[in-house]
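Read the structure below first, then the notes.
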Amino acid sequence: MAAWISSLLFLCVIASVHLKYLSEDEDAKRELAEYIQETKKSINPRWRLHYHVIPPVGWMNDPNGFSYYKGEYHLFFQYYPYDSVWGPMHWGHSVSPNLVDWRELPTALAPDEEMCFSGSALVDGDKLVLMYTGRLNTDTDPFYNETQYLAFSDDGVNFYKYEGNPVLARTPDGAYDFRDPKIWKYGDYWYVVIGSSTHDARGRVLLYRSQNLYDWEFLTVLGESNGELGYMWECPDFFELDGKYILLMSPQGLEPQGDRYKNTHQTGYIIGSFNYETFEFVPEVDFQELDFGHDFYATQTLDADGKRIVAGWFSMWELPHPEDVDGWAGAITIMRELKLSGNRLLQQPLDEMLSLRNGSVHNGSFNKDESLVFEKTGELIINGDLEQKIELEIAGTNGGNNIWIRWEPEVKKVVVDRGGDVRQVEWSPIGSRSWRLFLDASSLELFCGEGEVVFSTRFYPDGDLRVNSFSDQSLNVEAHKLRRSVPV
Ligand SMILES: *[C@@H]1O[C@H](CO)[C@@H](O)[C@H](O)[C@H]1NC(C)=O
Ligand SMILES: *[C@@H]1O[C@H](CO)[C@@H](O)[C@H](O)[C@H]1NC(C)=O
Ligand SMILES: *[C@@H]1O[C@H](CO)[C@@H](O)[C@H](O)[C@H]1NC(C)=O
C-alpha cells in the first residue's frame, strides 16, 4: 500500500473516532436535557423560589464560575440532576443580563472519569475558561484524589474539556485536600487560590500563578489556620476592595463560640494587605462571619465593573433539605454587593432588585396583632423605634414552619428564631436604621441597616406567607409583592 493511502486511511479512522466521540457526547447532552424537561413536570411547586437561582430539577450546592462573558452574567453551580440529594457532580448553568433575571442553559459539565467539583471562570480572549476540581475515587486511603481541570467554551453554552487535564495535579506537600480553584488575572499572569488542608488538619489557602493557564507555579500559602480556624478551608476567594485585600473562604470544623459559628460549616473573611512582589498576605482583622443566618455557605464573588458581587449557596450541609421530597434541593442567595466599611464587610442587595417590585402590599403603620399576606414573595422595609422590642412572625397561611424575627433592645441583638434554632448577633447601625426583608416561598434574607448584619435562612411554610406583628410599638412598613425572575 502506498504510504499516502495508509496515511489517508489513518486520518479517516481518526476523523471517524472523533466524530463518534462528538456524537456520543451530543446524544448524552440531549438525553440529559430531555430528562430535565421531563422530570421538571413532576416537581411540586410549593417551595420553589421565584427570584433565586434554583436547580431545574435535582440537587444544587456551591455557586461556581461566576463571570461576565459576551454580554451576560454566567452563574454555574454544583449540580446533580438525577436525584434531589448529592451525587456525582455536574455543573448546572444559568445566565442573566442584570444579575436579577435568570434563564437556564444546558448542563455545562458532566462527569467523565472525574466528578466536576467546584471552580471558577474567566474570559481569555474569545473563550470562557472554566477551572474546576476533578475529583476521582481511588482504591487507597483517603479514597479520593483532587486535581485541577480546565474546560473551554467559544459560545458560553457548549463546553469542552482540555485533553491534557489535569493541569495542576498535586499540592506542594502532597496533601490530599485540594479543591475549589478561584482564578483571576493581574498583569501578565493568571493567579489562582485553591482550598487545602495541612497534614495536621489545619485549613489553608494555596496561591499559584501561570502565564498560559497550563503550567502553574506554586507561590505561597496565602493563609493558614493557627489551629482554631478549622481543618479545611473550602471555596477560597481573594480580591482587592477599597485598597484592602479580602480573603473570603468557607472553613470547616469551627467550634461554636457563643452566638458565633453555629452552622455546620461557616463562611467568613479576613481583611489584610497584599503585595504582588512578595505574595505576602498580612491579615489585619481577625476572621469574621459574612452572614449570620442558618443557610449560607460556599460563596463566590465577581468583579462587575468595579463592584464586588457575592453569591452563596442558600443551604447547609448535614441538615434536612425539606424540599427534596418535591424533586429538588438547594438555591443560590440573591446577589449582593460587598462593601468595605472600617473593619468589616457590608452586604447590600443590588439596585436592580428594585425592578422586581410588582405591586404594593402595604405602606404605612403596622400595629400589634396586624398581619400582611404575601402571595409567596415579598419585600418589606421595616422601621421601628430601636429603643423598643420588635417582634415579627412569618407563617404559612396554611400552617407549616413559622419563623420569628426579633430586635432585643436590652442586648442590642437581631434574632432569627427558626423553631428554637436561634441565630443572633449584635447590631449597631452605622447609618440606616431600617430592616429590609426579602421573602421568597421558602426563604428569607434580612438586611439590617447598611448591610452590616445579614441573615440568610430557609424555612418551609405551607400556602402563602403571613407576616404578623407582635411588637408593642407601631412599626412603619413599606411592603411590595415581587415578580418572578427565574424559570418555573
Ligand atoms: C492525584 O493524581 C495525580 C495524577 O493525575 C497525581 O499526580 C497526584 O500525585 C495524585 N495526588 C495525590 C495526593 O496522590
Ligand atoms: C407585575 O409584573 C407583570 C409582569 O412583568 C406586569 O405586566 C405588571 O404590570 C406588573 N405589575 C405591577 C403593579 O408592577
Ligand atoms: C410610602 O409612603 C411614604 C410616606 O407617605 C412615601 O414617601 C413613599 O413614597 C411611599 N412608598 C411607596 C412605594 O409608595
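Brief remarks on what is shown
- The residue of region 459-488 that is farthest from ligand 3 (Cβ to nearest atom), among those that are in contact with a His (Cβ under 8 Å, 6 or more places away or on another chain), more than 11 Å from E375 (Cα to Cα) and not in a strand (DSSP E or B), is V486.
- Residue that is farthest from ligand 1 (Cβ to nearest atom), among those in region 375-392 that are surrounded by 21 or more Cβ atoms within 10 Å (Cβ to Cβ) and closer than 13 Å to E478 by Cα: G384
- Among the residues listed as E318, E352, E379, E375, the single one being out of contact with any strand residue (DSSP E or B) (no Cβ under 7 Å at 6 or more places or on another chain), within 16 Å of ligand 2 (Cβ to nearest atom) and touching a residue at least 12 places away in the same chain (Cβ under 8 Å): E352
- Only residues that are free of Cβ contacts under 8 Å to residues at least 24 places away in the same chain and buried (at least 22 other Cβ atoms within 10 Å of the Cβ) were counted across region 428-446, and they come to 0.
- Single condition L9 does not satisfy, out of (1) modelled with pLDDT of 95 or more; (2) in a helix (DSSP H, G or I): (1)
- Qualifying residue in region 41-62 (condition: free of Cβ contacts under 8 Å to residues at least 24 places away in the same chain and not assigned by TED's automatic domain parsing to the domain that holds A298): yes
- Scanning region 103-114 for residues that are assigned to a loop (DSSP other than H, G, I, E, B) and buried (at least 22 other Cβ atoms within 10 Å of the Cβ) turns up just one, E114.
- For first residues located in region 264-279 and farther than 12 Å from D291 by Cα, partners that are acidic (D, E) and assigned to a loop (DSSP other than H, G, I, E, B) and lie 6+ apart or on another chain with Cβ distances below 6 Å form the pairs T264/E318.
- Meets criteria (over 21 Å from T301 (Cβ atoms), in a loop (DSSP other than H, G, I, E, B) and in the same structural domain as G119 (by TED's automatic domain parsing)) for W86: yes
Residues are listed down the side, and each one gets a yes or a no for (1) of a type in the set (V, I, T); (2) within 25 Å of P461 (Cα to Cα):
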position: E24; (1), (2): no, no
position: L32; (1), (2): no, no
position: W47; (1), (2): no, yes
position: V53; (1), (2): yes, yes
position: P56; (1), (2): no, yes
position: N64; (1), (2): no, no
position: S67; (1), (2): no, no
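- Hits in region 116-152 (condition: farther than 28 Å from K70 by Cβ and of a type in the set (A, V, I, L, M, F, W, C)): L136, F143
- Long-range neighbours under 7 Å by Cβ, at least six apart or interchain, first residue at positive phi within region 399-427, second in a strand (DSSP E or B) and modelled with pLDDT of 95 or more: G400/P461; K412/E426
- The sole residue among D200, D173 that is touching a His at 6+ places or on another chain (Cβ under 7 Å) and not in a strand (DSSP E or B) is D173.
Residues checked against (1) aromatic (F, W, Y); (2) within 16 Å of ligand 1 (Cβ to nearest atom); (3) modelled with pLDDT under 95; (4) outside the structural domain of A304 (by TED's automatic domain parsing):
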residue	(1), (2), (3), (4)
P111	no, yes, no, no
N137	no, yes, no, no
D154	no, no, no, no
Y160	yes, no, no, no
N165	no, yes, no, no
L168	no, yes, no, no
Y176	yes, yes, no, no
Y189	yes, no, no, no
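- Residue within region 161-182 that is loosely packed, with under 15 Cβ neighbours inside 10 Å and either aromatic (F, W, Y) or under 21 Å from the mean Cα position of the chain (by Cα) (or both) present: no
- Of all residues in region 243-260, those satisfying the criterion of being without any contact (Cβ under 8 Å) to a residue 40 or more places away in the chain, surrounded by fewer than 18 Cβ atoms within 10 Å (Cβ to Cβ) and assigned to a loop (DSSP other than H, G, I, E, B) are G243, E255, P256, G258.
- In region 139-152, residue nearest to V123 (Cα to Cα) [restricted to those that are in a loop (DSSP other than H, G, I, E, B) and within 10 Å of ligand 1 (Cβ to nearest atom)]: P142
The values are calculated or read from the model by the stated rules, or taken from the named source; none is laboratory data. Keep in mind that this is a model prediction, so the values were computed, not measured. Please note: Cβ atoms are built from the backbone with ideal geometry, for glycine as well, and neighbour counts cover all protein chains shown.
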